[in-house]
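Participant: Dropping the structure in here first, questions after.
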Amino acid sequence: MKNSFKESGYTKLSNIFDKSIINRAYIESLELVEKIRAGKLNNSSSYKKDSVIRTINPHVFSPAIKELLTESRLGIEAATVTKSKSIQIWGSQLYVKLPQSTNSTVGLHTDFQYVKCFKNKVLTAWIPLNNITIKAGSLIYIPKSNYFSDSIEHLTDADCKDINKQREVIKNNLPSSYDWEEVISDTNIGDLFFHDHKTIHGSNANMTIRPRIAIAVGLVTDSTEFEKKHDYFGYINQLSHKEVCPVIYEK
């Protein structure tokens with residue numbers, strides 16, 4: 001799946017992370033899950049449902065996840081694919097799909113439609129913490145959709161649970177020059193995905209007997225532009241808090 005990030009809007013890199021740090025991050029992610037279930041994690045953005053458990057900025061609560069994001073090759077790989085001089089985390093998310101959770105589908109969407117205060121060379125890193133098969137709900141990417149996703153934003157929605165119906169509606173409203181394509185693959189621990197903040201992506205439900213655990217990391221570069229009028233959640237101001245938003249690469 002390795003390809004031109006600029007052309008396709010996403011790329012997959014294999015064997016990027018040392019498996020020992022991934023395993024430590026996996027163990028600590030399970031500990032965070034138990035704290036969320038018990039109501040013991042001091043994070044108002046954590047939630048638990050019958051199919052999904054999520055918490056915002058897990059690197060603040062987990063030393064292993066912090067090490068994974070700040071002391072690994074994440075920063076340099078992000079700088080390489082975007083040809084940037086600096087990389088800074090603006091936020092992260094631990095996302096756990098529980099075993100055989102038929103309602104854990106994430107609809108086709110873009111990250112930009114939810115975070116519009118960042119523009120130009122904004123990307124998301126997606127890091128699986130266990131082996132994630134297609135049956136477990138590996139990421140689905142729509143190649144080159146970053147070039148037209150703005151025009152169909154009203155049709156994309158992460159909360160949509162009927163991804164098949166959503167797909168058909170989107171396909172009927174595509175630019176005439178675009179041929180629909182989807183890319184999905186099994187993933188292994190050590191893999192690293194990047195996608196542009198305007199690339200359409202989603203994932204099916206986890207139908208396996210194991211949890212599907214991954215971390216998404218929002219990244220800005222030295223070329224990113226900030227639009228305060230769209231900063232509904234205070235993400236721009238948060239960049240000054242280096243514990244939450246560390247710079248992970250600087251040339």
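Where a number appears in this text, it was derived from the coordinates with a stated rule and is not lab data. Since the model is a prediction, treat every value here as computed from it, not as a measurement. Neighbour counts are summed over all protein chains in view; Cβ atoms, including those assigned to glycine, are modelled from backbone coordinates with ideal geometry.
Participant: Each label point is 7 Å from the Cα along the Cα-to-Cβ direction; what then is the distance between the points at residue 34 and residue 158, in nm?
Facilitator: Output for this residue pair reads 2.7 nm.
Participant: Please list 3J(HN,Hα) in residue order for segment 19-28, calculated via the Karplus relation 6.51 cos²θ - 1.76 cosθ + 1.60 where θ = phi - 60°; whole Hz, with x for glycine and proline.
Facilitator: 5, 5, 6, 4, 5, 5, 5, 5, 4, 6
Participant: Can you list residues from other chains, or at least 5 along the same chain, whose modelled amide H is less than 5 Å from the amide H of residue 200?
Facilitator: It is 142, 145, 146, by chain and number.
Participant: Could you list which residues have their amide H under 5 Å from that of residue 57, counting only those 5 or more apart in sequence or on another chain, with H placed in the peptide plane?
Facilitator: Result for residue 57 returns 92, 93, 94.
Participant: To continue, here is another question. What's the exposure ranking of 90, 126, going from fewest to most Cβ atoms within 10 Å?
Facilitator: The order, fewest Cβ neighbours first, is 90, 126.
Participant: What are the ³J(HN,Hα) couplings of segment 175-185, residue after residue, when phi is run through the Karplus curve with 6.51, -1.76, 1.60 and θ = phi - 60°? Round to Hz, x for glycine and proline.
Facilitator: x, 4, 7, 9, 9, 4, 8, 10, 10, 8, 8
Participant: Within a 10 angstrom radius of the beta carbon, how do 110, 80 rank from fewest other beta carbons to most?
Facilitator: In order of increasing Cβ crowding within 10 Å: 80, 110.
Participant: Related question: Using each residue's phi in segment 114-126, evaluate 6.51 cos²θ - 1.76 cosθ + 1.60 at θ = phi - 60° and report the 3J(HN,Hα) Karplus result to the nearest Hz, with x for Gly and Pro.
Facilitator: Running phi through 6.51 cos²θ - 1.76 cosθ + 1.60 with θ = phi - 60° gives 9, 10, 9, 7, 10, 9, 6, 6, 10, 9, 10, 9, 10 Hz.
Participant: Ratio of the chain's C-alpha Rg to 2.2 N^0.38 Å, to two decimals?
Facilitator: 0.95
Participant: Right, next: With contacts defined as alpha carbon pairs under 8 Å and 6 or more residues apart, what's the relative contact order of segment 8-250 in percent?
Facilitator: Normalised by residue count, the contact order of segment 8-250 is 35 percent.
Participant: Once amide H atoms are built 1.01 Å from N in the peptide plane, which residues 5 or more positions from residue 16, or in another chain, come under 5 Å H to H?
Facilitator: Long-range HN contacts for residue 16: 191, 192.
Participant: Right, next: Rounded to the nearest 500, what is the 222 nm mean residue ellipticity of the chain from helices alone, with -39500 (n - 2.57) per DSSP H run of 4+ residues and division by all residues?
Facilitator: That calculation yields -6000 deg cm²/dmol at 222 nm.
Participant: Additional query: In the Gaussian network model of the chain, springs joining C-alpha atoms below 10 Å, which of 204, 237, 103 carries the largest mean-square fluctuation?
Facilitator: 237
Participant: Further question on the same structure: For residue 171, go through the lysines and keep the ones whose alpha-carbon is under 29 Å away, minus same-chain ones fewer than eight residues off.
Facilitator: Counting by Cα, and skipping residues close in sequence, residue 171 has these lysines nearby: 2, 6, 12, 97, 116, 119, 121, 135, 144, 161, 198.
Participant: Report Rg(Cα)/(2.2 N^0.38 Å) for segment 90-163, keeping two decimals.
Facilitator: The reported ratio for this selection is 1.20.
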